[in-house]
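In what follows, a structure is listed as structure tokens, so that the remarks can point back to it.
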Amino acid sequence: MEQPSLVSCLESLIGRENVSAAPAVLEQHSRGESYDESVLPEAVVFPESSEQVLQVVRFAAENRLAVTPVGANSSLEGQTVPVRGGISLDLSRMSRIVEFRAQDLMITVQAGVTYPKINEHVRRSGLFFPVDPGAHASLGGMVGTNASGTGAVRYGVTRDYVLMLEVVLPSGEIVRVGNKARKSSSGYDLRSLFCGAEGTLGVVTEVTLRLVGLPESASAARVAFGDAGTATEYVVSLIQAGAPVARCELIDSRSVAAINAHLGSSFPEQMTVFLEFHGSPAGVAESVELAQHLAFDAGALDFQASADPGERERLWAARHSHFVATVAANPGLRNIVTDVAVPISALPDAVGHALAASEQVGLAAYLVGHVGDGNFHLALFYPGDDLAARNARDVAHSIVEHALSVGGTSTGEHGVGLRKLPYMEAEHGSALELMRGIKQLFDPQGIMNPGKKIPEVNRDPSLGAKRVESPSN
């Protein structure tokens, strides 16, 4: 008797309309952003409920098939590359808002809901979800990488807003971790463990978030500098002065030029710090005045501030267009987008090191960063020849090595994925074995997003084998 195909088995589980092996769909799920080494999955499934996710994961466990969760697929470090083939689990159809409780400042959503959709839904209640990583990221992906973004300097990261998670475990069961209380000292904090796990411990299917009140007043500012050194020194002085900064972003002149070309804007093409302040009208005005005073003390070339909502929106639209604008400015070139985070006092040297390393090998480099919390990104563009590729990898390696040498981290928000795996031992030392123990406990077969987050040892060679059995319903 002929063995059933993987696709036919999956179709019998969750319906033909929710499964695809079309070449274009497989290709779309073979990689994320800024990671060129693609691997085709054997099938892509689009579950619409937690129960369907559970059925797929149980089937995968029975057949020792790898499962790679995917949200908006905007990851930058290779998290969604299905390195062992198997099943790409696309959660984008799980886009329902389950419950909104304005009195409790709380919302529960399926994992495929994007953060702009949440803010659109709750805005009339005077609330918002302040974590803003860009790229219309989904909540499942944001939990997976513990995403942060432009507002992290004031509001924190995804983990700070997760109250409860629903997770499908590799063992084939659904668990709920956390609760709907504002705080708890009960049990181990499994909720936080899944935040940043990059889908290696289970599939997050539902997220309950706490919300915060919209600020009474807000003002944005644009501060121009002649070089990265003075700009980053200014940021350090601003943070050390205790200014209540809500957003603090650094964009280099080359990036501003790319954004202008892409959006048709006319920002001065200089090393620029974008700022935003939230609070009462009087408090915001005081913060802007302090920021301006410190800026000119630091050698700023210009300081422009505005409380106009349209101007603020234009400013942050420019910031969020950074990646697509730099890609458009370098047609046909490959790219590496890396991030590190360092103690705030080490930021000027770290940024200077990154720019000098890029210039030394003649690479087109674009700097952008959430520098208010010591986190910055460098986008490197290069042609496809071996020497250029090696130079780009060497620069990215040098940036991480420097960050680790000053007590920083190899990734502030992008996550580990595949690209940052070589640095896990240097960064975590003996604690890496504890992490491997956690992975083994949750996923003894190693089917959940294998090859990511922590370096594997003694991988079972049968993982990903195409031994498919008919599902038992």
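Would you mind finding the one in 329, 350, 307, 357 that is open to solvent by less than 10 Å² (accessible area, probe 1.4 Å) and among the hydrophobic types (A, V, I, L, M, F, W, C)? Working first, answer last.
Details: 329 fails: open to solvent by less than 10 Å² (accessible area, probe 1.4 Å); 307 fails: open to solvent by less than 10 Å² (accessible area, probe 1.4 Å); 357 fails: open to solvent by less than 10 Å² (accessible area, probe 1.4 Å).
Within the list 329, 350, 307, 357, the selection yields 350.
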Please verify whether residue 300 is open to solvent by less than 30 Å² (accessible area, probe 1.4 Å), among the small types (Gly, Ala, Ser) and in contact (Cβ under 8 Å) with a residue 60 or more places away in the chain, treating the condition exactly as stated. yes
Return the residues of segment 269-297 that are open to solvent by less than 20 Å² (accessible area, probe 1.4 Å), among the polar types (S, T, N, Q) and within 12 Å of residue 231 (Cα to Cα); say none if nothing qualifies. 272
Take the residues of segment 72-125 that are among the acidic types (Asp, Glu) and more than 21 Å from the chain's Cα centre (by Cα): which is nearest to residue 26 (Cα to Cα)? 99
Which one of these does residue 116 not meet: (1) within 29 Å of residue 11 (Cβ to Cβ); (2) out of contact with any helix residue (DSSP H, G or I) (no Cβ under 8 Å at 6 or more places or on another chain)? (1)
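I need the full set of residues from segment 343-371 which are touching a residue at least 60 places away in the same chain (Cβ under 8 Å), farther than 27 Å from residue 261 by Cα and in contact with a strand residue (DSSP E or B) (Cβ under 8 Å, 6 or more places away or on another chain), in order please.
Passing the criteria: only 347.
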Evaluate segment 53-63: report whether one residue or more is at pLDDT 95 or above and under 30 Å from residue 122 (Cβ atoms). yes
Cβ pairs under 6 Å, 6+ apart or interchain, first in segment 316-329 and within 14 Å of residue 264 (Cα to Cα), second of a type in the set (D, E, K, R) and open to solvent by less than 20 Å² (accessible area, probe 1.4 Å), ordered by first then second residue, are 319/249
Mind listing whichever residues of segment 372-387 are in contact (Cβ under 8 Å) with a residue 12 or more places away in the chain and either closer than 16 Å to residue 406 by Cα or surrounded by fewer than 20 Cβ atoms within 10 Å (Cβ to Cβ) (or both)? 373, 374, 375, 376, 383, 384
In segment 140-169, what residues are small (Gly, Ala, Ser), within 24 Å of residue 249 (Cα to Cα) and surrounded by 22 or more Cβ atoms within 10 Å (Cβ to Cβ)? 141, 144, 147, 148, 149, 151, 152
Restricting segment 192-210 to residues that are of a type outside the set (A, V, I, L, M, F, W, C) and over 25 Å from residue 451 (Cβ atoms), the residue that is surrounded by the fewest Cβ atoms within 10 Å (Cβ to Cβ): 210
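Residue-by-condition table, conditions (1) under 18 Å from residue 351 (Cβ atoms); (2) of a type outside the set (D, E, K, R):
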residue	(1), (2)
223	yes, yes
230	yes, yes
235	yes, yes
238	yes, yes
244	no, yes
252	yes, no
264	no, yes
270	yes, yes
281	no, yes
Could you go through segment 179-194 and let me know if any residue there is in a loop (DSSP other than H, G, I, E, B), under 23 Å from residue 77 (Cα atoms) and modelled with pLDDT of 95 or more. no
May I ask you to verify whether residue 256 is closer than 13 Å to residue 220 by Cα, of a type in the set (Val, Ile, Thr) and either open to solvent by less than 10 Å² (accessible area, probe 1.4 Å) or in a loop (DSSP other than H, G, I, E, B) (or both)? no
Considering only residues that are among the β-branched types (Val, Ile, Thr), in contact with a helix residue (DSSP H, G or I) (Cβ under 8 Å, 6 or more places away or on another chain), open to solvent by less than 10 Å² (accessible area, probe 1.4 Å) and farther than 30 Å from residue 338 by Cβ, which ones fall in segment 15-71? 45, 56
Could you check segment 104-130 and list, in sequence order, the residues that are in contact with a strand residue (DSSP E or B) (Cβ under 9 Å, 6 or more places away or on another chain) and closer than 26 Å to residue 372 by Cβ? 105, 114, 115, 118, 119, 122, 126, 127, 128, 129, 130
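State yes or no: is residue 92 closer than 19 Å to residue 141 by Cβ and at pLDDT 95 or above?
Details: closer than 19 Å to residue 141 by Cβ: yes; at pLDDT 95 or above: yes.
Spelling it out, residue 92 is indeed closer than 19 Å to residue 141 by Cβ and at pLDDT 95 or above.
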Are any residues in segment 296-318 under 24 Å from residue 132 (Cβ atoms) and among the hydrophobic types (A, V, I, L, M, F, W, C), and if so, which ones? 303, 305, 307, 315, 316, 317, 318
Looking at 413, 427, which one is surrounded by 15 or more Cβ atoms within 10 Å (Cβ to Cβ), acidic (Asp, Glu) and not in a helix (DSSP H, G or I)? 413
Sort out which residues of segment 100-139 are within 28 Å of residue 449 (Cβ to Cβ), open to solvent by 10 Å² or more (accessible area, probe 1.4 Å) and assigned to a strand (DSSP E or B), and write them in order of number. 110, 114
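The values are calculated or read from the model by the stated rules, or taken from the named source; none is laboratory data. Because the structure is a prediction, the values reported are computed rather than measured. Cβ: placed from backbone, ideal geometry, glycine included. Neighbour counts: every protein chain shown. For accessibility, only protein heavy atoms count, side chains too; no ligands or nucleic acids. Shrake-Rupley method; radii C 1.70, N 1.55, O 1.52, S 1.80 Å.
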